[in-house]
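What follows is a single structure, written as structure tokens, with notes after it.
The values are calculated or read from the model by the stated rules, or taken from the named source; none is laboratory data. Worth saying up front: this structure is predicted, and the values here are computed from it rather than measured. For neighbour counting, all protein chains shown are included, and Cβ atoms are generated from backbone atoms with ideal geometry for every residue, glycine included. What goes into the accessible areas is simple: the full protein's heavy atoms, side chains included, and nothing from ligands, DNA or RNA. Shrake-Rupley method; radii C 1.70, N 1.55, O 1.52, S 1.80 Å.
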Amino acid sequence: MILTQTLRHRVEYIKIKNYLCFLLFFILCLLFIPSASFSEIFKRNTILMGTDIELIAYEENREIVNSAFDAAIKEIERIENEMSEWREGTPVSNINKNAGKEAVVVPEELFKVISAARKVSELSSGAFDISWACMRSLWKFGKGEERVPFDGEIKQRLSLVNYKNIELNEKNKTVFLRKEGMSIGLGAIAKGYAVDMAMQAMVNLGVKNAIVKAGGDMRVQGAKDGKPWDIGIKHPRDKKKLLGKLNLSNISISTSGDYERYFIKDGVLYHHIMNPKTGYPATGCQSVTILAPDTMTSDALSTAVFVLGPEEGMKLIKSLHGIEGIIVDSNGQVHYSPGVERRVDN
Ligand code: ADP
Ligand code: MG
């Protein structure tokens, strides 16, 4: 009798112990599993600033990612409304309308972007020049309306292209284009800035692992599965091929290529990256990829190096701290800056 009672107690004890073990295991699962392995890829695509925008996040919480994507898109729209030279009434349009007339007060961030553009002009001895834009109406790249200007038209306008005639007043935050007929266009720098601001908006809402891409400009933040993101670099002459791959994290990468907006007339390829000294598309490169600490810089420098050409362009890359680059010259030869060569996975 006593023996069966002890046995029963023992069985009860084992049952309770098993139950407690199971409970403890369950609680541990609840505590650790969600943070360990429920991240997934979220994507959103749209078209803004005349280009394809792609947002990617590797996160756990769908709601946070959705509001981060909304915030990023709002940010790009806001910047487009401020920096577009195409839309009536934007601060950039006002600067252009007042060329040769008066200085225009601009929002602080626009002043910052125009000042950064000026710095890249100085670094590249004028290869990068936002005042190239007075040439814009002479060239037409749209399908069915392709146009190569006459030499005379180009020569006439060239005197209006000179970044030194963009007067910046730091204290009053004003911009003045000294000559009537001058015009600025931020097509080679504003997209990069928008990418930076869109990523900042996402990070502010708690996103840690993400990519923001606007055409050839990209910000890569955090990691995927604890590893840097795998980023492919477009081949300038073969859409199906990659030039190589890079493992990237917390960095910006921009590519400028002669294959983005172009047309071929009488066997000549005319593209949208202009040499401000000649008024014609820059020769010397098929594509330039730049790695930089921020996307405004990588965007502007990829254009600047493209215009400079492989030799002068690589000299500029090597002279700048924290900048790396890959140049495909007009013969298809690939040139790497020292810091990037060992990182490319071909
Ligand atoms: P994408 O717009 O394809 O990313 P880029 O960043 O190189 O390519 O920018 C090219 C655009 O920059 C052109 O469409 C034009 O708006 C503008 N641009 C062209 N040539 C120059 C230049 N020499 N300096 C500054 N901006 C330029
Ligand atoms: Mg650019």
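Remark on residue 273: its backbone amide H falls under 5 Å from those of 282, a criterion applied only to residues 5 or more positions apart or on other chains, H modelled at 1.01 Å from N.
Neighbours of residue 222, meaning other residues whose beta-carbon lies under 14 angstrom from its beta-carbon, give a summed charge of 0 when Lys and Arg score +1 and Asp and Glu score -1. Among the trypsin sites (Lys or Arg not before Pro) found in the stretch 270-346, those both in a DSSP coil and sparsely packed, with 16 or fewer other Cβ atoms within 10 Å of their Cβ, are 277, 342, 343. Note on the chain: Cα-only Rg and Dmax are 26.9, 117 Å.
The label-point distance for residue 86 and residue 247, in a model that sets each label 7 Å from Cα toward Cβ, rounds to 3.9 nm. Here the extension length gained between residue 240 and residue 51 equals 66.0 nm, from 0.36 nm per residue of separation less the Cα-Cα distance. Take the Cβ atoms of residue 200 and residue 41, set R0 to 22 Å, and the FRET efficiency comes out at 0.55.
Accessible surface of residue 193, taken over heavy atoms with a 1.4 Å probe and every protein chain present, rounds to 10 Å².
The residues packed around residue 159, meaning those with a beta-carbon under 14 Å from its beta-carbon, carry a net charge of +3 if Lys and Arg are +1 and Asp and Glu are -1. A crude spin-label estimate for the pair residue 277 and residue 98, with each label 7 Å from Cα along the Cβ direction, gives 3.3 nm. At full extension, residue 268 and residue 311 could sit 13.2 nm farther apart than now, given 0.36 nm per residue minus the alpha carbon distance. A 1.4 Å probe over all protein chains sorts 87, 219, 136 by accessible area into 87, 136, 219, starting with the largest. Extension gain for the segment residue 172 to residue 105, taken as residue separation times 0.36 nm less the Cα-Cα distance, is 23.4 nm to one decimal. Kindly provide log₁₀ I(q)/I(0) values, in the same order as q = 0.10, 0.12, 0.24 Å⁻¹, from the Debye equation applied to equal alpha-carbon scatterers of the stretch 239-346. Scattering profile of the stretch 239-346, log10 relative to I(0): -0.27, -0.39, -1.43.
If you run the Gaussian network model on the chain, springs between alpha carbon atoms under 10 Å, then out of 264, 56, 251 the most flexible one is 264.
With 19 Å as the limit, the listed pairs 97/191; 112/171; 43/208; 43/74; 155/315 have 97/191; 155/315 beyond it between alpha carbons. Here is how the number arises for the chain: DSSP H runs of 4 or more residues each give -39500 (n - 2.57), the sum is divided by the residue count, and the result at 222 nm is -12500 deg cm²/dmol. Screening the chain for whole DSSP H helices with an alpha carbon extent of at least 18 angstrom along the helix axis and a mean Kyte-Doolittle hydropathy of at least 0.0 yields 2-37, 108-123, 190-204, 295-308. Accessible surface for residue 272 stands near 70 Å², nearest 10, in the context of the full protein assembly shown (1.4 Å probe).
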